[in-house]
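Structure first, then comments.
The values are calculated or read from the model by the stated rules, or taken from the named source; none is laboratory data. Just so it is clear, the model here is predicted, and its values are computed rather than measured. Cβ placement follows ideal geometry from the backbone for every residue including glycine, while neighbour counts extend to all protein chains displayed. Please note that ligands, DNA and RNA were not included when accessible areas were found on the heavy atoms of the full protein model with its side chains. Shrake-Rupley method; radii C 1.70, N 1.55, O 1.52, S 1.80 Å.
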Amino acid sequence: MLKPNYVSTTNACKLCTPLGAALAFRGVEKSVPFLHGSQGCATYMRRYIISHFREPMDIASSALGEKHAVYGGAPNLKKGLLNVMKKYQPQVIGVATTCLTETIGDDVGMILREFRKEFSDLDLPEVVHVNTPSYSGTHMDGWTGAVRAMAEQLVVEKARANGSVNLFGGMISPGDIRALKDIFGHFGLDATILPDISETLDGPALLDYEPIPSGGTPLEAIRHMSGAACSIEFGRCLPARTAGSSLQDRFGVPNVRLGMPLGLRETDRFLEALSEVASRGVPRRYLLERGRLVDSLVDGHKYVAGKRAIVYGEEDLVVGLVAFLSEIGVQPVLAATGSRTGEMVANIERVGGDLREQPQVHEGVDFHEIAEMAGELKPDLVIGHSKGYRYARDWGVPLVRVGFPIHDRFGGQRLRILGYGGAQDLYDRIVNAVLEKKQSGCSVGYGYL
Amino acid sequence: MKCEASALLDERREQVHRTGQGPIDMACNRDSLAGAVSQRACVFCGSRVVLYPIADALHLVHGPVGCAVYTWDIRGALSSGPELHRLSFTTDLQETDVIFGGERKLEAALDELIDRHGPKAAFVYSTCIVGIIGDDLEAVCRRMEEKKGIPVIPVQSEGFKGNKREGYNAACKALFRLVGTGDTSRISGISVNILGDFNLAGEIWIIREYFRRMGVEVVANITGDGRVADIRRCHGAALNVVQCSGATLDLAKMMEEEYGIPYIRVSYLGIEDMAESLYAVADHFSEADSDISRRTSELVKEELDLLMPRLQEFRRDLEGKRVAIYVGGAFKAFSLIKAFRHLGMQVVMVGSQTGTEEDYRELEAITDPGTIIVDDSNPLELSAFIKEKDVDVFVGGVKERPIAFKMGVGFCDHNHERKESLEGFVGMYNFAREIHASAMSPVWKFVPRREVRNA
């Protein structure tokens, strides 16, 4: 269901397009995200991202002023790129546009070609650009667009077949990326995960400030993606054109689209896909992990049985959460997102087969609308990012925090929800949230389950 | 020093000075340099932070979704009543609005939101994109004002039209439209407006209590815990008491010109500045109330008797530690430097996003030789300064925090998001306690920087 255009938004359940792009560009080795627009955009997004990851997040800006808005932003974009080169010595600069530069009509592709010509005597970094007008789509479109731009603009030649797997994992936590790397390793597979924010946005304490944090997908590995055995992309609600589809069309790298591996079945599908590529069975450690997860679901099923949950966030995260909840006996009563891919209804039906009743599914909504619906739905539980906290508090129900942003709790960047291990962590948190609510609202104060 | 050289772009050399090394001639209030990763925000941000705390007004951001969500409830500005300011309203402009204009959507949004929330006034913030597509905010606001019978005020805060300072000015112009529209009868002759305090973590309540003890009526809080009705009648106050570098100074000047209300500039941070601020208000009213100076001295004495012994305990541990300060407005930096002297700490770097030449001259005058003074800095410079000066504690905002922490340096949040009240005498205690808690934490023994130094 989509809402009409002439309605106001109160407490949006989405972020703007360039933020997603800037985050994605942070996941490439020696790369600097760069917003072509006025200074505020970069500063606001830095602040927003820092609150979640608690890590430095340098985003450069062309810092346009009034005269640039009138005469065009090209001079400042070029000057900004040169300054970033001087100070950061990046290998890649990821330029994302903003609503300002999209509307004044700056042709960034052309400006960058001019830039290359003007400064051909310099050792220029790769400059990837993506169009991210913030009045069109959400941060997920920015993320997906930036990843596709990297695949299209950095992978330009067919590499020798290398048997590795490309993973386009979507906007997932550094903790989950590290776990995915382990999974690939245990299957004996080389993987190129793009982008990889596992170190760049969750790094160690250091002696010096690193201008560009260590880690990220190496540029060479990105170039070799055209020689991979296959690409896997997480997301059932993705647009037709993605990084994976681009590599398939141009270099014949088969593209496998899977749901986010959230819960048992979606993780099973992911591991089956890896089994096939690796031509080997699922390693025992994952069979054990799966077994322990099932065992815990049995142990805990009575505590969560029939609980009614409101789920919100990025569309593919929501689809994945519904898939998992349908496996553990929690009834999702509302699945909501601020974005408008139009793909959520069908995909939720697809993954929610075990549910007694299908949840209401709403795209393009804000928290005001979610709250209006919640009145009738009477949730026991809310699952989503921090921005739903005030509502959950009003309703007197626990909020299990997943996704981005998590501003009001510690460790958002380390949260794991993917794979059997991630499902285990998430399950424990859900059960404990229910138990804590029951315990704190109970006059007896049981100290023993 | 090698690190410092590479961190600083040539074009920024005039924006860094070292106390005692030649005459100070700072370039400031410039546009941020492209590609320099400035810590500054934009015009919209400036106006949003000033107006945001008015708790019974509707704050509608006319623009795409980002401008509204990134400023959703980001201030720690508390309200003693309504909390409309803590919601994030936007027209969430879409592509079709950009093509055909956003006026219809803006009007529909105002119509809907004013009916839903019944605010006492509405502020409509213009963003970059609105400046480009040229929506006539004035006209829409005028129509809605007639239709709804409440002030509907456009805030001309297009992000690209300068830096945060222009945003302050846009906010003051918007506020000035409210001033003078309320009834001023029954306002005492010994009365003030509190300007430039945003009630972060409830700070304005501390200051109001001091004024109450002095026998001074507070007409309007502008804008922390602010109410539209108070602001409408604030031209009836006898004095404007203005805190902060520049956020509301323009409003005080406009009120002086239009209504002849004098203003004084104050700071509630630190011991001397807090006391001097109260004395300045008392002096202003000493003719009208011959006892006010005595009451004020008594208040200050009572507070200091409580505070000073407690500060001494912190000082024993903190003596000699080195501090870097990077804040939005330079005015706050003056107070912080003095506050750190009470803790026996040495300020080795001080900077601001929006300082003026005058501010920087003042900083040079009150800092020790060798202190780095910097305008509109960025992460690479700040990290180089931290290293060069071997800083123990950094005072700044959210964007500075990870720089300090990554390098193993203590940190104190002293920006508009803070959750600890740092104003007043009790605020000085809270501040000292936080600095002490951070500087003295055992965690620094494990960070690489200290491991190296202690090796």
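Taking the conditions (1) open to solvent by 10 Å² or more (accessible area, probe 1.4 Å); (2) touching a helix residue (DSSP H, G or I) at 6+ places or on another chain (Cβ under 7 Å); (3) charged (D, E, K, R); (4) at pLDDT 95 or above in turn, B:Glu112 satisfies each one other than (2). Filtered by the rule that a residue be open to solvent by less than 10 Å² (accessible area, probe 1.4 Å) and more than 21 Å from the chain's Cα centre (by Cα), the stretch B:357-378 gives B:Thr371, B:Ile372.
For (1) at pLDDT 95 or above; (2) β-branched (Val, Ile, Thr); (3) open to solvent by 40 Å² or more (accessible area, probe 1.4 Å), each residue gets a yes or a no:
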site: A:Phe25; (1), (2), (3): yes, no, no
site: A:Ser31; (1), (2), (3): yes, no, no
site: A:Gln39; (1), (2), (3): no, no, no
site: A:Arg54; (1), (2), (3): yes, no, yes
site: A:Asp58; (1), (2), (3): yes, no, no
site: A:Ala74; (1), (2), (3): yes, no, no
site: A:Val95; (1), (2), (3): yes, yes, no
site: A:Pro125; (1), (2), (3): yes, no, no
site: A:Val130; (1), (2), (3): yes, yes, no
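Against the conditions (1) open to solvent by 20 Å² or more (accessible area, probe 1.4 Å); (2) in a strand (DSSP E or B); (3) among the polar types (S, T, N, Q), A:Asn166 satisfies every one except (1).
Every listed requirement among (1) surrounded by fewer than 19 Cβ atoms within 10 Å (Cβ to Cβ); (2) touching a residue at least 40 places away in the same chain (Cβ under 8 Å) is met by A:Ile328 save one, (1). Filtered by the rule that a residue be within 25 Å of B:Leu422 (Cβ to Cβ) and open to solvent by 30 Å² or more (accessible area, probe 1.4 Å), the stretch B:218-272 gives B:Arg227, B:Asp230, B:Cys244, B:Asp250, B:Tyr263, B:Ile264, B:Arg265, B:Glu272.
For the stretch B:142-170, taking the residues that are among the acidic types (Asp, Glu) and in contact (Cβ under 8 Å) with a residue 40 or more places away in the chain, the one that is surrounded by the most Cβ atoms within 10 Å (Cβ to Cβ) is identified as B:Glu158.
The rows are residues; the columns are (1) at pLDDT below 95; (2) part of a loop (DSSP other than H, G, I, E, B).
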residue: A:Leu81; (1), (2): no, no
residue: A:Lys87; (1), (2): yes, no
residue: A:Pro90; (1), (2): no, yes
residue: A:Leu112; (1), (2): no, no
residue: A:Lys117; (1), (2): no, no
residue: A:Gly145; (1), (2): no, no
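State yes or no: is A:Gly109 open to solvent by less than 30 Å² (accessible area, probe 1.4 Å) and out of contact with any helix residue (DSSP H, G or I) (no Cβ under 9 Å at 6 or more places or on another chain)? So A:Gly109 passes the test.
Consider the stretch A:8-21 and keep the residues that are at the interface with another protein chain (Cβ under 7 Å from one of its Cβ atoms) and part of a loop (DSSP other than H, G, I, E, B). The one that is farthest from A:Leu35 (Cα to Cα) is A:Ser8. Looking only at residues of the stretch B:283-318 that are of a type in the set (Ser, Thr, Tyr) and either open to solvent by 50 Å² or more (accessible area, probe 1.4 Å) or without any contact (Cβ under 8 Å) to a residue 24 or more places away in the chain (or both), we find that the one that is nearest to B:Ile435 (Cα to Cα) is B:Ser297. Restricting the search to helices (runs of 4 or more DSSP H) fully inside the stretch B:199-311 and requiring at least 1 residues that are over 25 Å from the mean Cα position of the chain (by Cα) gives B:203-214, B:249-259, B:271-284.
With respect to the stated conditions, A:Thr43 is crowded, with 24+ Cβ neighbours inside 10 Å, of a type in the set (Val, Ile, Thr) and facing chain B (nearest Cβ under 9 Å). For the stretch A:46-58: of the residues being assigned to a loop (DSSP other than H, G, I, E, B) and within 7 Å of another protein chain (Cβ to nearest Cβ), which is nearest to B:Cys45 (Cα to Cα)? So, considering only residues that are assigned to a loop (DSSP other than H, G, I, E, B) and within 7 Å of another protein chain (Cβ to nearest Cβ), the one nearest to B:Cys45 (Cα to Cα) is A:Asp58.
Within the stretch B:102-121, is even one residue within 26 Å of the chain's Cα centre (by Cα) and under 23 Å from B:Gly246 (Cα atoms)? There is no residue in the stretch B:102-121 that is within 26 Å of the chain's Cα centre (by Cα) and under 23 Å from B:Gly246 (Cα atoms).
The residues in the stretch B:60-75 that are farther than 12 Å from A:Thr9 by Cα and in contact (Cβ under 8 Å) with a residue 60 or more places away in the chain can be counted, and the count is 3. One residue alone among B:Glu388, B:Glu417 is part of a loop (DSSP other than H, G, I, E, B) and touching a residue at least 60 places away in the same chain (Cβ under 8 Å), and that residue is B:Glu417. Has the stretch B:391-402 got any residue that is part of a helix (DSSP H, G or I), in contact (Cβ under 8 Å) with a residue 60 or more places away in the chain and crowded, with 19+ Cβ neighbours inside 10 Å? No, there is no match, as no residue in the stretch B:391-402 is part of a helix (DSSP H, G or I), in contact (Cβ under 8 Å) with a residue 60 or more places away in the chain and crowded, with 19+ Cβ neighbours inside 10 Å.
On the stretch given as the stretch B:406-443, residues that are of a type in the set (A, V, I, L, M, F, W, C), surrounded by fewer than 20 Cβ atoms within 10 Å (Cβ to Cβ) and within 11 Å of another protein chain (Cβ to nearest Cβ) total 1.
Residue check: is B:Lys387 within 14 Å of chain A (Cβ to nearest Cβ), over 16 Å from B:Arg18 (Cα atoms) and open to solvent by 10 Å² or more (accessible area, probe 1.4 Å)? Here the answer is no, as B:Lys387 does not meet what is asked. Within the stretch B:353-371, not a single residue is among the aliphatic types (A, V, I, L, M) and at pLDDT 95 or above. Are any residues in the stretch A:84-93 open to solvent by less than 10 Å² (accessible area, probe 1.4 Å) and either within 24 Å of the chain's Cα centre (by Cα) or within 20 Å of A:Lys67 (Cα to Cα) (or both), and if so, which ones? Correct list: A:Val92, A:Ile93. Determine whether B:Ala324 is of a type in the set (A, V, I, L, M, F, W, C) and either open to solvent by 10 Å² or more (accessible area, probe 1.4 Å) or at pLDDT below 95 (or both). Considered against the rule, which asks whether it is of a type in the set (A, V, I, L, M, F, W, C) and either open to solvent by 10 Å² or more (accessible area, probe 1.4 Å) or at pLDDT below 95 (or both), B:Ala324 comes out as no.
Of all residue pairs spaced 6 or more apart or on separate chains, those with beta-carbon atoms under 6 Å, a first member in the stretch A:73-89 that is within 7 Å of another protein chain (Cβ to nearest Cβ) and a second member that is open to solvent by 10 Å² or more (accessible area, probe 1.4 Å) and in a helix (DSSP H, G or I) are A:Asn76/A:His68; A:Lys87/B:Leu380. Residue count for the stretch A:401-449, restricted to those that are open to solvent by 20 Å² or more (accessible area, probe 1.4 Å), small (Gly, Ala, Ser) and under 24 Å from A:Tyr48 (Cβ atoms): 1.
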